[in-house]
1. Would a scan of segment 175-194 turn up a residue that is assigned by TED's automatic domain parsing to the domain that holds Val34, out of contact with any Leu (no Cβ under 7 Å at 6 or more places or on another chain) and modelled with pLDDT of 75 or more?
2. Which condition from (1) at pLDDT below 75; (2) surrounded by fewer than 18 Cβ atoms within 10 Å (Cβ to Cβ) is the one that Ala294 breaks?
3. If Glu343 satisfies every condition in (1) modelled with pLDDT of 85 or more; (2) surrounded by 21 or more Cβ atoms within 10 Å (Cβ to Cβ); (3) not assigned by TED's automatic domain parsing to the domain that holds Pro442 but one, which is the exception?
4. Quick one: in segment 346-397, of everything that is touching a strand residue (DSSP E or B) at 6+ places or on another chain (Cβ under 8 Å) and of a type in the set (Val, Ile, Thr), which residue is surrounded by the fewest Cβ atoms within 10 Å (Cβ to Cβ)?
5. Can you tell me which residues in segment 277-313 are within 14 Å of Gly168 (Cβ to Cβ) and outside any helix (DSSP H, G or I)?
6. When residues of segment 50-102 are filtered for being part of a helix (DSSP H, G or I), surrounded by 11 or more Cβ atoms within 10 Å (Cβ to Cβ) and acidic (Asp, Glu), how many remain?
7. Among what's in segment 556-573 and is out of contact with any strand residue (DSSP E or B) (no Cβ under 6 Å at 6 or more places or on another chain) and at pLDDT below 90, pick the residue that is nearest to Glu528 (Cα to Cα).
Amino acid sequence: MKNIRATLATVWRIAIPYFRSEDKWAGGGLLAAVIAIELSLVAIDVLFNQWQNRFYTALQAYDWDRFVSEVWFFVILAASFVALAVYQLYLNQWLQIRWRQWLTRHYLGEWLEDATHYRMQLKGDAADNPDQRITEDVKNFVEQTLTIGLGLLSSIVTLFSFVIILWGLSNAAPLHIFGADVVIPGYLCWGALIYAIFGTALTHLIGAPLVNLNFEQQRYEADFRFNLVRVRENSEQIALLNGEGAERGRLLDRFGRVVGNWYAIMGRTKRLTAFTASYSQAAVIVPYALVAPAYFAKRIQLGDMMQTGSAFGSVQRALSFFVTAYRSIAEWRAVVARLDGFEMSVRSTSRLAEYEPTIGIKAAGGSRAIGLEQLRVNLPNGAPLVVADAFAIHAPERVLVTGPSGSGKSTLFRAIAGIWPFGTGTIVIPEKAKLMMLPQRPYFPVGVLRDAVVYPAAPGAFETTQVRDALVAVGLPDLAERLEEDGHWNRMLSLGEQQRLGLARALLHGPDYLFLDEATASLDEPSEARLYRLLAEKLPRATIVSIGHRSTLDAFHTRKMTMAKDGEIHVLSDAGKPARAEPNGVR
């Protein structure tokens, strides 16, 4: 019972924001219409039940006129049922897509806000495969919540509607045992209740493990799919290393978990299906067995007997809702648990500063320098990595940051960008300053080349001539003629070409502070020199901060910072002017 209450509380927390959102009137109206139709369908079931009594009584009495009128009544009821069922499905699907659309936008917004998606990966959160959460789990949550919710509502209304009928039939057809009437008020209702309780208890006992098994199955499926995508994205490196055998083994190992868990689901489902199918089949004959003695004693007519069987079946199905829907409920609870885990992970990551120290980002009006104040950059596990205090990067300096691999140079850049919260201290950023980070391997969304270059600006933010000129300037004249071509540019281009595209992006956006994290490392030294001169020419007011290992980079920077190891940490120190620095970093 405690688990059920917790699940319902979670469902309420996930579901209710939509019905309080800007789409609440449309969503609420559609939900009300679907519920109203569901209640109407239950009312038609009640009319069908009453019709059965009249119809079979007419057959027993050989009453042709009554038979014809009841056939026409059936036609009207059936037509009404079909029309309502069609529109209920249509409105239900309309509500599903609106609800799913809102939830998807909501989760995407929270996941992508303030680099939460990146920090979740750094923390190694349990909410793995967010792509599955936002696609399959949201879809299944909306669909299954409506299906199970409407099914439960229908069962409750059906129960109250047919209990009244069944109670009256119990009094009209008393229990007849050994030729004598035994008066048990509402005995048919009690029979249906006892039968349903028995079935529900055994169903839960047999099917309870399915909740966890379904949860694990979705996790294993998502893990297998994720690793397939990883192989596809890194196919070149795998091929160069002849790693196909190793990858096949890793993938089959993950797929083995899918298969093993599926066999466990099969075994448990087989047992559950064997019981529920037997339970449903037995339910067909139970009401007739109860009233047959009264019928053969000629205490009731055939119509009464058929109506009793139908009413008993309706009450029994309503009371046995959890028996028939148990597998669906198990899958639904697994979906709810995954969405709950995703929400908790997003919430805990976005509110990191509330329960552990983080690096503060402060905007300073009137300042033209980035300041590092008592900065201590840590790893996600809390281990210290970089210490920097009382450093300032003034505009328009050209700063070169050097140090051994693993000393925390890239992590320092991430902290300045505001996406690395682990640590203490403050980073002061000039108010309204535009920062741009160019990593060694830039990101380009799949799509039209022009849009990939101007990312993250909206398509059309720059004139086509501007984009073309930027590509020509960085040494990609051939690509300048392919701006309308659609492709996966991170795959189609060499790393050197990708780095040139990244610099073209910087030329277009014109940041106040440009951070280059080995952003030219895949270029030859003459090409690198030309591009640094291009940046100085096109972005004369920009402050450029570079991470690099080549000594030739000294010529293009006016100041040098180094990472020096001090015990377990690295201390940022100012080395002053590079030995071969040139005025303004250009010649």
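The values are calculated or read from the model by the stated rules, or taken from the named source; none is laboratory data. Quick caveat: nothing in here was measured; it's all calculated off a predicted structure. No Cβ is skipped: glycine too gets one built from the backbone with ideal geometry, and neighbour counts run over all protein chains shown.
1. yes
2. Result: Ala294 passes all but (2).
3. Condition not satisfied by Glu343: (2).
4. The selected residue is Ile361.
5. Hit for segment 277-313 is Ile300, nothing else.
6. The number of residues fulfilling the criteria is 1.
7. In the first step, residues of segment 556-573 are kept if they are out of contact with any strand residue (DSSP E or B) (no Cβ under 6 Å at 6 or more places or on another chain); the result is 556, 565-568.
Restricting the remaining residues to those that are at pLDDT below 90 gives 565-568.
Details: Lys565: 29, Asp566: 32, Gly567: 35, Glu568: 34 Å.
Result: Lys565.
Listed here are the residues, each with its yes/no results for (1) of a type outside the set (Gly, Ala, Ser); (2) in contact (Cβ under 8 Å) with a residue 24 or more places away in the chain; (3) surrounded by fewer than 18 Cβ atoms within 10 Å (Cβ to Cβ); (4) not in a strand (DSSP E or B).
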site: Leu503; (1), (2), (3), (4): yes, yes, no, yes
site: Ala529; (1), (2), (3), (4): no, yes, no, yes
site: Tyr532; (1), (2), (3), (4): yes, yes, no, yes
site: Ile544; (1), (2), (3), (4): yes, yes, no, no
site: Ala564; (1), (2), (3), (4): no, yes, yes, no
site: Asp574; (1), (2), (3), (4): yes, yes, yes, no
